[in-house]
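Scroll down for the structure; my scribbles are underneath it.
The values are calculated or read from the model by the stated rules, or taken from the named source; none is laboratory data. If you're wondering where the values come from, they're calculated on a predicted model, not measured in any experiment. Glycine gets a Cβ as well: all are built from the backbone with ideal geometry, and neighbour counts include every protein chain shown. All accessible areas refer to the heavy atoms of the entire protein, side chains included, with ligands and DNA or RNA removed. Shrake-Rupley method; radii C 1.70, N 1.55, O 1.52, S 1.80 Å.
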Amino acid sequence: MRYANGDGAGASRPMTLLVGGAPQGQLAFPTTGAGNDGWVNWQDATIELELMAGNNTIRLENVGNAGPNIDSLSVSREGTQEPPVVEPGERFAVKINFEPDALPLRKAISPIPA
């Protein structure tokens with residue numbers, strides 16, 4: 001899991017991980033920095049689970065009053081390398097220019113005589 005924890009007191013924000021409603025363990029999610037800097041400093045936390053074939057519902061529950069910010073969850077097979085995380089870059093913008101209704105219609109162009 002990719003997370004950020006900018007807890008001002010430097011405390012961990014543990015969470016219980018459940019699969020199909022059954023607890024599978026806890027993750028501590030230690031602080032990633034104090035204040036605003038900690039909330040934008042993403043770190044990875046890992047836990048090993050055994051999942052059944054088919055669909056599995058994975059849930060995180062706060063142990064205390066608050067948990068960290070969770071950015072993503074990645075699931076991989078044992079011995080399989082996870083793909084690198086790609087941060088979003090600059091995004092292109094599409095702007096469509098519509099003419100207001102109040103503008104007169106342009107004169108139609110007549111076909112060229114043969």
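Among the conditions (1) open to solvent by 60 Å² or more (accessible area, probe 1.4 Å); (2) modelled with pLDDT of 90 or more; (3) not aromatic (F, W, Y), A45 misses just one, which is (1).
All told, Q24 falls short of being open to solvent by 50 Å² or more (accessible area, probe 1.4 Å) and touching a Phe, Trp or Tyr at 6+ places or on another chain (Cβ under 8 Å). Any idea which of (1) open to solvent by less than 90 Å² (accessible area, probe 1.4 Å); (2) modelled with pLDDT of 85 or more is the one L73 doesn't satisfy? L73 satisfies every listed condition except (1).
Which residues, counting only those in the stretch 1-48, are of a type in the set (F, W, Y) and more than 19 Å from R59 (Cβ to Cβ)? Answer for the stretch 1-48, where residues must be of a type in the set (F, W, Y) and more than 19 Å from R59 (Cβ to Cβ): W39, W42. Tell me, yes or no, whether the stretch 33-42 has at least one residue that is at pLDDT below 90 and more than 23 Å from V85 (Cα to Cα). The answer is yes; a qualifying residue exists.
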